There are 2 protein chains.
Amino acid sequence: MPTDLRRPERTFTIRQLCTEFKATPRALRFYEDKGLLTPARDGMNRVYSYKDRARLILILRGKRVGLSLQEIREILELYGEHDEAMTQNAHSLKKFREKIVDLEQQREDIEGAINELRTACERLEKHLAEKRPDLLPKAADYDQMLRARLDGHPELLGAK
Amino acid sequence: MPTDLRRPERTFTIRQLCTEFKATPRALRFYEDKGLLTPARDGMNRVYSYKDRARLILILRGKRVGLSLQEIREILELYGEHDEAMTQNAHSLKKFREKIVDLEQQREDIEGAINELRTACERLEKHLAEKRPDLLPKAADYDQMLRARLDGHPELLGAK
DNA sequence: GCGACTGTTGACGTTGACGTAAGGGGCATA
DNA sequence: TATGCCCCTTACGTCAACGTCAACAGTCGC
């Protein structure tokens with residue numbers, strides 16, 4: 001399939017990306033300032049390519065897992081130049097390995113935190129059910145919240 | 001086993017807890033300022049009980065998963081008074097549910113990030129092996145790093 | 001030609017989570 | 001008695017990641 005391979009020539013305005021990913025123009029410009037994004041220009045205006053959009057997705061995901069913009073930039077740089085400062089890359093490799101260990105630890109932590117929150121919720125629910133059943137929120141709320149998350153952006157759920 | 005049940009009367013100085021958990025005195029005092037810890041006093045000096053230590057563990061774990069001190073305090077308060085402002089607790093329940101959804105999303109993100117870092121590492125390793133095998137770090141480093149994490153603080157690995 | 005909208009570049013403000021420096025007390029060891 | 005070391009409080013400084021605001025430019029529809 002030579003044509004339509006990921007809509008290569010498609011471009012985006014800053015606001016399009018912002019509304020798509022619930023970011024702000026200020027944030028995107030900030031990322032650019034920090035070297036994480038380098039959109040083209042049409043006169044003054046920024047023009048984001050499909051690749052820029054992909055980078056933005058990685059940036060936002062990195063943020064959600066607690067990486068700093070600095071760390072995210074290092075990762076992004078890996079997907080660019082391949083024949084540059086090798087010493088630098090050896091350093092990156094080490095840092096990435098450390099980060100993996102970090103993240104595995106963090107995953108453990110999250111499991112623990114989820115469990116704690118769950119039991120805390122159960123306690124609270126039981127307590128409320130006994131004393132103030134009128135205050136109990138409906139299960140529908142939770143459902144709706146979940147659905148809202150899954151809507152619209154399947155690419156945020158672990159896609160490449 | 002009535003005696004020695006979790007060494008009940010054991011206490012700690014601020015520095016002991018700091019070195020044990022790699023925190024700083026400033027941080028512990030800060031947590032106290034924000035109402036997350038309330039150690040006893042011996043004159044001016046803080047005296048941390050075993051319970052305080054347990055709370056500190058929860059605080060640090062909360063931080064690692066990205067909870068704000070404010071959120072952590074809410075969770076900790078749940079393990080205390082049980083007959084207080086019920087309206088407040090209904091609110092907490094809602095926030096906890098939201099946080100669980102957040103954390104589940106975050107866990108997904110971490111899975112993805114780990115995978116990306118792994119493939120990035122593989123790439124880099126391959127690239128380095130071809131062009132600059134002298135810069136390749138030894139696998140032993142990684143091992144040692146892992147062991148260092150697991151040492152000393154088994155209670156950090158998801159215990160209650 | 002005129003809003004309304006969207007875009008731009010500074011520059012300053014804000015929030016959370018501490019760091020750091022200043023000033024002082026308590027106790028032990030040299 | 002002086003020198004450390006650890007503790008305390010108060011207060012100002014810092015850093016990341018933006019938010020907010022000002023001041024201005026391009027373009028669309030009428």
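The values are calculated or read from the model by the stated rules, or taken from the named source; none is laboratory data. Bear in mind the structure is a predicted one, so any value in this text is a computation, not a measurement. Glycine gets a Cβ as well: all are built from the backbone with ideal geometry, and neighbour counts include every protein chain shown. Heads up: the accessible areas ignore ligands, DNA and RNA and are worked out on the full protein's heavy atoms, side chains in. Shrake-Rupley method; radii C 1.70, N 1.55, O 1.52, S 1.80 Å.
Okay, here's what the table says:
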quantity: Selected residue (criterion: least open to solvent (accessible area, probe 1.4 Å)) from residues of the stretch B:58-73 that are at the interface with chain A (Cβ under 8 Å from one of its Cβ atoms) and in contact (Cβ under 8 Å) with a residue 24 or more places away in the chain; calculated: B:65
quantity: Qualifying residues in the stretch B:24-34 (those that are near DNA strand C (Cβ under 8 Å from one of its atoms) and touching a helix residue (DSSP H, G or I) at 6+ places or on another chain (Cβ under 7 Å)) - the one farthest from the other protein chains (Cβ to nearest Cβ); calculated: B:25
quantity: Close pairs (7 angstrom Cβ cut-off, 6 or more residues apart or separate chains): facing chain B (nearest Cβ under 7 Å) in the stretch A:111-133, surrounded by 13 or more Cβ atoms within 10 Å (Cβ to Cβ) and among the acidic types (Asp, Glu) anywhere; calculated: A:114/B:104
quantity: Among (1) charged (D, E, K, R); (2) open to solvent by 80 Å² or more (accessible area, probe 1.4 Å); (3) at pLDDT 95 or above; (4) more than 30 Å from residue A:67 (Cα to Cα) - the single one residue B:7 does not satisfy; calculated: (3)
quantity: Residue count for the stretch A:15-24, restricted to those that are part of a helix (DSSP H, G or I) and either in contact with a Lys or Arg (Cβ under 7 Å, 6 or more places away or on another chain) or open to solvent by 40 Å² or more (accessible area, probe 1.4 Å) (or both); calculated: 5
quantity: Long-range neighbours under 8 Å by Cβ, at least six apart or interchain, first residue in the same structural domain as residue B:12 (by TED's automatic domain parsing) within the stretch B:26-49, second small (Gly, Ala, Ser) and more than 11 Å from DNA strand D (Cβ to nearest atom); calculated: B:39/B:49; B:40/B:49
quantity: Out of B:153, B:127, sole residue that is at pLDDT below 50 and open to solvent by less than 70 Å² (accessible area, probe 1.4 Å); calculated: B:153
quantity: Members of the stretch B:39-77 found to be under 14 Å from residue B:12 (Cβ atoms) and outside any helix (DSSP H, G or I), listed by number; calculated: B:39, B:40, B:41, B:42, B:45, B:46, B:47, B:48, B:49
quantity: Residue that is modelled with the highest pLDDT [pool: residues in the stretch A:39-75 that are within 12 Å of DNA strand D (Cβ to nearest atom) and of a type in the set (Gly, Ala, Ser)]; calculated: A:43
quantity: Selection count, the stretch A:41-52, where residues are crowded, with 20+ Cβ neighbours inside 10 Å and of a type in the set (Lys, Arg); calculated: 1
